[in-house]
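Comments concern the structure below.
Nothing in this text is a laboratory measurement; each read-out follows from the coordinates by a stated rule. This structure is a prediction, so every number in the text was calculated from the model and none was measured. As a convention, Cβ positions derive from the backbone with ideal geometry for all residues, glycine included, and neighbour counts pool all protein chains shown.
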């Protein structure tokens, strides 16, 4: 069942190349859950089209199943390089094995992300603080979790 759904899903995503798969799971009682994202976001219509591409090619008479197609929520962590690349310019909270960084995602290459932020530090001489520009380059393998920070 999972192989068949994966093939149908792959075909549906080929028809709309701006969409990509985040996860596919199928429980023992055939509850199918598909989470997708898109370079320009995901519309309700995108979810409907992917759902139909899968559901209309499965036989309910031979196997009972439930199907859920969702877009990746804003509270979900980023997991794929493509997700980082689509979020360049947005603020991220990145947890690594050593520290937590908050900054604007300036760049997302195939191996690393670059964050930039402003911080207040003590003046080199005298009293007071000065605002300095900081940046960090973090390899994907060091990232434990990264989430887009929502501003209101």
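Running a GNM on the chain with Cα contacts under 10 Å, which residue among 79, 104, 27 ends up with the highest mean-square fluctuation?
27
In degrees between 0 and 90, to the nearest 10, how far off the longest principal axis of the chain does helix 44-55 point, with axes built from Cα atoms?
40 degrees
Pairing the Cα long axis of helix 2-15 with the longest principal axis of the chain, what angle in degrees results, from 0 to 90 and rounded to the nearest 10?
So the inclination is approximately 70 degrees.
Looking at the range 1-109 only, what percent of DSSP beta bridges run antiparallel? Nearest 5 please.
Numbers: 12 of 19 bridges.
The answer is about 65 percent antiparallel.
Which FRET efficiency value, to the nearest 0.05, do you get for residue 44 and residue 1 by plugging their Cβ-Cβ distance into 1/(1 + (r/R0)^6) with R0 = 25 Å? Each step should come with its number before you reach the end.
Numbers: r = 26 Å, r/R0 = 1.04.
Plugging the Cβ-Cβ distance into 1/(1 + (r/R0)^6) gives 0.45.
Please report the relative contact order for the chain, taking Cα pairs under 8 Å with a sequence separation of at least 6, and give it as a percent rounded to a whole number.
Values: 245 pairs, mean separation 27.9, N = 152.
Reported as a whole number, the value is 18 percent.
What do you get when you divide the Cα radius of gyration of the range 81-148 by 2.2 N^0.38 Å, with N the number of residues? Display every interim value, and only then the final one.
Details: Rg = 13.7 Å, N = 68, 2.2 N^0.38 = 10.9 Å.
So the Cα radius of gyration is 1.25 times the expected 2.2 N^0.38 Å.
Only Cα pairs within less than 10 Å get springs; with that Gaussian network setup on the chain, which residue of 128, 103, 41 has the largest fluctuation?
128
Provide the FRET efficiency to the nearest 0.05 for the residue 121-residue 150 pair, computing r from the beta carbons and using R0 = 30 Å.
Working: r = 27 Å, r/R0 = 0.92.
That pair, residue 121 with residue 150, gives E of 0.65.
Checking the a/c ratio against 1.5 first, then a/b against b/c, what shape does the Cα gyration tensor give for the range 2-71?
Since a/c reaches 1.5 and a/b is larger than b/c, the shape of the range 2-71 is classed as prolate.
Between the range 1-66 and the range 78-152, what is the C-alpha centre distance in whole Å?
So the two Cα centres are separated by 33 Å.
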